[in-house]
Amino acid sequence: MGLLDWLRNAAVGPPPALSPQEQEAALRRQADIMVSLRAGQVPSVVRERLEASRQGRLPWIATLTPAELLLARSHGIRPIGAVSATCWMHYGWSWTLGHSQGWEAALQRLRAEAVAAGANAVLDVKMRSIALGVENSMDFSLVGTAVRIDGLPPSPEPVIATVPALEFVKLIDADVVPTGIAIGAHYDWLNDWRGSTDLRWMGNIESGALTRHWEAVRRQAHARLRQSAQGQGNGVLAHVNFSQMFEFGERENQPRRYLARHIVVATVVDARRGVPVPHDIQMVVDLRDGISPLLNTTKHHQAYQQNDEDGPI
Amino acid sequence: MTNNLPAHAVERLKGLRSSVHSSGVFTSDFSVNEFLLVRKAGFEPIGLCVGTCVYHCGIQYANWRKSEEMTVLSKAMYHARELAMTRMRAEATAMGADGIVGVKLTIKRVEWDQNLLEFIALGTGVVHGEGHQGFRAHDGGPFTSDLSGQDFWTLLHAGYRPVEMVMGSCVYHVAHRGFMASMSTVGQNVELENFTSAMYEAREIAIERMQQEAAAAKAEGVVGVDMHEGNHGWQTHVIEFFAIGTAVLPIDQEIAPEKIQDPALVLSVNN
């Protein structure tokens, strides 16, 4: 409580306490959320809200801009409600793999909410996290808009599109479906027993040991990316390529060590090869000075811009 | 309303899995727009290609009073980039790509050693949808290009194809001015001619080298050239001039200028 709050409280008195019934309701709701998530289910509060939206008892909620709404409607896409999922992970033995676990858990929960909403797809899925730096942990959150397509039954496995509605429609028109998120993460240690990374007195020379180490880590991360995409589609558009290497000096009975880690985050697409892109492309030159609003797209991944602090592994 | 959506897309949105793709999974770092335009241009992405090189730069002390090229550092920058690019190209060859689009070349410094630099070349390997072999580089290997998917489409429609990403580098030491020289210009507006000419020379060397690479690739010209100066943790007065671009050749034969579609002029009122 800040000084200001204290003064205010002294003047008007403390905020009215919750009645015992309200307190109990809040506790019950929290317990329900925890139990549901543990069982891999959508919390009942969320389920009720989504069901009400789906039946039209509550207004729909969409993260779309008016322009996106226009395009969505012209393609028979109707918003149902905002869906979201969070998984707050503590990195026990691996920071790097924690990331892929965290996102995958959040993805599964988001999909469950979309099913509860009776959706065919979730658009405009943004990957979010807050840089709180609490005890080697990070929250992996996904927020998006569940939509249904006119005339289609609800899907048992809605697609999760990490692209805005505008791009979703562009892709669907070209017979490409953005279906989910794929993560490729890998880390590895290099123990330099023979001192091969010590190039202090050398001239121009490649550090072969470190290059090989890096290459192996990156290849493995990319291989995992493929693996993670395989169940969802046949290709990925990677947005985030994040890599870091650290050195740990010699210690007792331990050589100099290096840690390299690489994380790739991508949108999975299901595209058929050789299908032509239907729209003609018209070349235009914008006569505006400065940044053309035609080019204005919003960033959809900000998790890694804020969150590159170190953790164990 | 849904009848204007492609059938395959509708199936997927219903939650039905399409049959297993025989082609496996492709990886790319394209944006949605790039992805669509590369396909529109008749190419399909097949996989991310990466080349890495961690390089230890030798030490060279510059002559305080002299403007000169730091040959040791020039060679280091050249060699390390070359290694990273070659490895990326080898990955592309291994996956049977006709070329690499959207190559990003990054240099990172490491925290623990100021002489270590990490070079990363990353791009998306593509193949021509109909197996056309004519897009490969002069040596029959995959072409490389730092152009985005959008620029790639535009380049092809201008009647050119990318051949090779070419670069020129020159690490240069700009001479310090002597005490007497500094004193003699106190309170005056004068051009520091030796500084100016040093910048000229270094830039010229970098461009020349890039041009030579383009000639070796049997290209007609170089587009999208970017020239920048950088200092990768060296002493002050040491600058790297770096020129990079994509060497291009006409497709079969040059398209007559009047046949190239004129772009429409628009004034966006979105904002």
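The values are calculated or read from the model by the stated rules, or taken from the named source; none is laboratory data. Keep in mind it's a predicted model, so treat the numbers as computed, not measured. Ideal geometry is used to build each Cβ from the backbone, glycine not excepted, and the neighbour counts take in all protein chains shown.
Output yes when any residue across the stretch A:276-287 is more than 7 Å from every other protein chain (Cβ to nearest Cβ) and of a type in the set (A, V, I, L, M, F, W, C), and no when none is.
Going through the stretch A:276-287, the residues more than 7 Å from every other protein chain (Cβ to nearest Cβ) turn out to be A:276, A:278-280.
Still in the list and also of a type in the set (A, V, I, L, M, F, W, C): none.
No, the conditions are met nowhere in the stretch A:276-287.
None of B:Gly141, B:Gly131, B:Gly102, B:Gly96 is farther than 30 Å from B:Thr236 by Cα, under 16 Å from the mean Cα position of the chain (by Cα) and either more than 10 Å from every other protein chain (Cβ to nearest Cβ) or crowded, with 24+ Cβ neighbours inside 10 Å (or both) except B:Gly102.
Here A:Arg257 passes the criteria (1) touching an Asp or Glu at 6+ places or on another chain (Cβ under 8 Å); (2) facing chain B (nearest Cβ under 8 Å); (3) basic (Lys, Arg) except the one numbered (2).
Meeting the requirement of 1 or more residues that are without any contact (Cβ under 8 Å) to a residue 12 or more places away in the chain, the strands (runs of 3 or more DSSP E) wholly within the stretch A:227-288 are A:235-248, A:284-286. Can you name the number of the only condition in (1) touching a residue at least 60 places away in the same chain (Cβ under 8 Å); (2) touching a Ser or Thr at 6+ places or on another chain (Cβ under 8 Å) that A:Asp188 fails? Condition not satisfied by A:Asp188: (2).
Within the stretch B:11-23, take every residue that is at the interface with chain A (Cβ under 7 Å from one of its Cβ atoms) and within 18 Å of A:Gln227 (Cβ to Cβ) and give me the one that is modelled with the lowest pLDDT. Reasoning before the result, please.
Step one: filter the stretch B:11-23 for residues at the interface with chain A (Cβ under 7 Å from one of its Cβ atoms), giving B:12-15, B:18, B:21, B:23.
Subsequent filtering for residues that are within 18 Å of A:Gln227 (Cβ to Cβ) retains B:21, B:23.
Details: B:His21: 53, B:Ser23: 59.
Here the residue is B:His21.
Only one entry of A:Val122, A:Val143 meets the criterion of being away from chain B (no Cβ under 11 Å), among the β-branched types (Val, Ile, Thr), surrounded by fewer than 24 Cβ atoms within 10 Å (Cβ to Cβ) and in contact with a helix residue (DSSP H, G or I) (Cβ under 9 Å, 6 or more places away or on another chain), and that entry is A:Val143. Would you be able to say whether some residue in the stretch A:48-55 is modelled with pLDDT under 90, outside any helix (DSSP H, G or I) and over 28 Å from the mean Cα position of the chain (by Cα)? For the stretch A:48-55, residues modelled with pLDDT under 90, outside any helix (DSSP H, G or I) and over 28 Å from the mean Cα position of the chain (by Cα): present.
In the stretch A:177-198, the qualifying residues are those that are out of contact with any helix residue (DSSP H, G or I) (no Cβ under 8 Å at 6 or more places or on another chain) and part of a strand (DSSP E or B), and the one that is farthest from A:Ala223 (Cα to Cα) is A:Asn191. Pairing each residue of the stretch B:99-111 that is of a type in the set (Asp, Glu) with any residue that is surrounded by fewer than 19 Cβ atoms within 10 Å (Cβ to Cβ) and part of a strand (DSSP E or B), provided the two are 6+ apart or on different chains, yields C-beta distances under 8 Å for B:Glu111/A:Phe246; B:Glu111/A:Glu247. Could we say that A:Thr162 is crowded, with 20+ Cβ neighbours inside 10 Å and in the same structural domain as A:Ser84 (by TED's automatic domain parsing) here? Judged against the criteria, A:Thr162 is a match. When the stretch A:30-47 is filtered for residues that are among the small types (Gly, Ala, Ser) and not in a helix (DSSP H, G or I), the ones remaining, listed by number, are A:Ala39, A:Gly40. Taken as a whole, the condition of being in contact (Cβ under 8 Å) with a residue 60 or more places away in the chain, assigned to a loop (DSSP other than H, G, I, E, B) and closer than 14 Å to A:Thr145 by Cα applies to A:Ala62.
Across the stretch B:77-93, what is the number of residues that are in contact (Cβ under 8 Å) with a residue 40 or more places away in the chain and buried (at least 17 other Cβ atoms within 10 Å of the Cβ)?
Number satisfying all stated conditions: 8.
Screening B:Arg87 against (1) under 30 Å from B:Ile59 (Cβ atoms); (2) within 14 Å of chain A (Cβ to nearest Cβ); (3) assigned to a strand (DSSP E or B) leaves a single unmet condition, (3). Taking (1) modelled with pLDDT under 80; (2) farther than 28 Å from A:Ile172 by Cβ; (3) within 17 Å of the chain's Cα centre (by Cα); (4) not hydrophobic (A, V, I, L, M, F, W, C) in turn, A:Gly290 satisfies each apart from (3). Taken across the stretch A:222-229, residues that are surrounded by 14 or more Cβ atoms within 10 Å (Cβ to Cβ), among the small types (Gly, Ala, Ser), in contact with a strand residue (DSSP E or B) (Cβ under 7 Å, 6 or more places away or on another chain) and over 25 Å from A:Asp175 (Cβ atoms) do not occur at all. Which residues, counting only those in the stretch B:48-70, are at pLDDT 90 or above and surrounded by 24 or more Cβ atoms within 10 Å (Cβ to Cβ)? Once the filter is applied, which keeps residues that are at pLDDT 90 or above and surrounded by 24 or more Cβ atoms within 10 Å (Cβ to Cβ), the stretch B:48-70 yields B:Leu48, B:Cys49, B:Gly51, B:Thr52, B:Cys53, B:Val54, B:Tyr55.
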